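Here is the structure we will look at.
Read the figures in this text as sums done on the coordinates, not as results from a lab. Because the structure is predicted, anything quoted here is derived from the model rather than measured. Every residue, glycine among them, receives a Cβ derived from its backbone with ideal geometry; neighbour counts consider all protein chains shown.
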Amino acid sequence: MRVAVIGSGGREHAIVRKVHESPSVKGIVAIPGNYAMREIATVISRVGVTDFEEIAGICIDENIDWVIVGPEAPLSEGLADYLEDEHDIKVFGPRKLEAQLESSKAFSKDLMAKYDIPTAKYETFEDYGAASAYVKQEGAPIVIKKDGLAAGKGVVVAMDMDTALSALHEMLVLSSGQVVVEEFLEGEEFSLMVLVNEEFVHPFEVMAQDHKRAFDNDAGPNTGGMGAYAPVTHISEEVRMEAVREIVEPTARAMVEEGLSYFGVMYLGAIVTADGVKVIEFNARFGDPEAQVLMSLLESDLGEVLENMYNKKPFALEWRPGFVAGVMLASKGYPGEYTKGSSVRIPEDLAAQCFISGLSVGEAESIVTSGGRVLLVSGYGRTIDDAVKSAYDCVDRIEYETDTLFYRKDIGSRAMK
């Protein structure tokens, strides 16, 4: 089969690599891709992820059998609908209505409430006055979420009232739309990727854990993810199965009950509380940076997996033993304002351990920063300690201009206690 991967970040870099390893895959096109994919895929950088007609034309010209959509924006805007309905091209990624599970926090919370799927208590607001009154009534800590897509940065975990009210002011007064105000949940978080075709689900047997906050010890603002590791062995298999039984399977059934046909990845961001496992969020695609570490451990043919999911044919996923840890190098200032164009050099022998998110080719073929999250550096080990050490040893060998990049130094620390 021939596969097109939509997206240009580290998650898509990991997917392209995994598809390249698949014996069933005979060719790969990356749209728009990035420079690091050029050796294993045809990279078409002139086309954006929401240029639906251009994407369709490329897929037809390249005889594409499967399209794998990496980022959330084209899913929420209906890329799957367009390719399937207008051109009969198979897409691994949910259609626009189903992608609301991520693109609308209000939709997902209302779905969970209707079908008794365990999650935090919440209310939805459009008016600042009503929202601020509710927050004052509930008290801090409390969680404020902007409805809609925000690249992982539309969530404020407010530990005090000033932070909560400031977040509401920014989301409802300085901009328009809805916010979801949630009860603050305490516990251990984990990410579970689930392959879904309507009521047919195959949860990954391996969990990952992301590090959302910008700085060490979970300080600073939320980001798109500053690092991840897998598997998460200090959270038991019983907890994973509870999540599957109480959350994943009921959510898949709920979508069918609502007349929706979900096909793609359902990302469950969950938390283990004193009252059991609860949903923090759903995403409608692979996580980033979780995909990078999970794809590094997955040994199955991803092309065959897609066909099995499409046909609702039971299968087993094969996993490499050991652990993978990934450390994200980000531009100084991220997730706020940052500069681009700083030089970065990756030693040739480390290229296979790096997943590119925000690097591009500059003058004289130099590699320069072009985004907030720049690259994820991974390390493998038989133990989590070995994997983390390997990752940070590799980080030390990445060359960049002083004070242009930063990274967390505590990735994997929860698993190493």
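Provide the FRET efficiency to the nearest 0.05 for the N311-D396 pair, computing r from the beta carbons and using R0 = 51 Å. Working shown, then result.
Details: r = 46 Å, r/R0 = 0.91.
My answer for the efficiency is 0.65.
Work out the FRET efficiency for A113 and A274 from their Cβ-Cβ distance, taking R0 = 30 Å, and round it to the nearest 0.05. Walk me through the numbers before you get to the answer.
Details: r = 21 Å, r/R0 = 0.69.
So the FRET efficiency works out to roughly 0.90.
Say each of E198 and R46 gets a label point 7 Å from the Cα, pointing the same way as Cα to Cβ; how far apart are those two points in nm?
4.1
State, to one decimal in nm, how far the label point of E86 lies from the label point of A133, with both points 7 Å from Cα in the Cβ direction.
It is 4.6 nm.
Between the DSSP loop rule and a limit of at most 10 other Cβ atoms within 10 Å, which GluC sites (Glu not before Pro) in region 30-90 are left?
Details: sites: E39, E53, E54, E62, E72, E77, E84, E86; in loops: E39, E62, E77.
Sparse-neighbourhood loop GluC sites (Glu not before Pro): E39.
What percent antiparallel are the DSSP beta bridges of the chain, to the nearest 5? Each step should come with its number before you reach the end.
Working: 63 of 79 bridges.
Antiparallel bridges make up about 80 percent of those DSSP assigns within the chain.
Across bins of 10 angstrom width beginning at 0, how are the C-alpha pair distances of region 323-416 distributed, in whole percent?
Over region 323-416, the share of Cα pairs per 10 Å bin runs 17, 49, 28, 6, 0 percent.
Would you please give the FRET efficiency between D349 and T383, computed as 1/(1 + (r/R0)^6) with r the Cβ-Cβ distance and R0 = 35 Å, to the nearest 0.05? Don't skip to the end; give the middle numbers.
On the way: r = 23 Å, r/R0 = 0.65.
Computed FRET efficiency for D349 and T383 comes out at 0.95.
Just grab the label-to-label distance for T163 and M416, each label 7 Å out from Cα along the Cβ direction, in nm (one decimal).
2.5
Would you mind calculating the relative contact order of region 322-373 from Cα pairs under 8 angstrom and at least 6 residues apart, reporting the percent as a whole number? Don't skip to the answer; put the middle values down first.
Numbers: 54 pairs, mean separation 22.0, N = 52.
It rounds to 42 percent for region 322-373.
Between E39 and E54, 0.36 nm times their residue separation minus their Cα-Cα distance comes to what? Numbers along the way, then the final one.
Values: separation 15, 0.36 × 15 = 5.40 nm, distance 2.27 nm.
Here the segment from E39 to E54 would lengthen by 3.1 nm.
So for each of 93-99, 217-223 I average, over its residues, the number of other beta carbons within 10 Å; can you give me the resulting order with the highest mean first?
Numbers: 93-99: 23.0, 217-223: 15.1.
For the peptides 93-99, 217-223, the packing ranking is 93-99, 217-223.
How high is the relative contact order of region 323-416? Use alpha-carbon pairs under 8 Å, at least six apart in sequence, and give a whole percent.
Working: 184 pairs, mean separation 38.0, N = 94.
Relative contact order for region 323-416 comes out at 40 percent.
Here are some pairs, K90/K409; K114/K136; K121/K313; which of them have Cα atoms lying more than 30 Å apart in this structure? Before the final figure, lay out the partial values.
Details: K90/K409 41 Å; K114/K136 26 Å; K121/K313 37 Å.
Table pairs above 30 Å Cα-Cα are K90/K409; K121/K313.
For region 30-173, report the % of Cα-Cα distances exceeding 25 Å.
Details: 4695 of 10296 pairs.
Cα-Cα pairs in region 30-173 separated by more than 25 Å: 46 percent.
Would region 8-114 count as rounded, prolate or oblate if I go by the C-alpha gyration tensor, calling it rounded below 1.5 in a/c and otherwise prolate when a/b exceeds b/c, oblate otherwise? Display every interim value, and only then the final one.
Details: a/c = 2.04, a/b = 1.66, b/c = 1.23.
Prolate shape, in that a/c is at least 1.5 and a/b is the bigger ratio.
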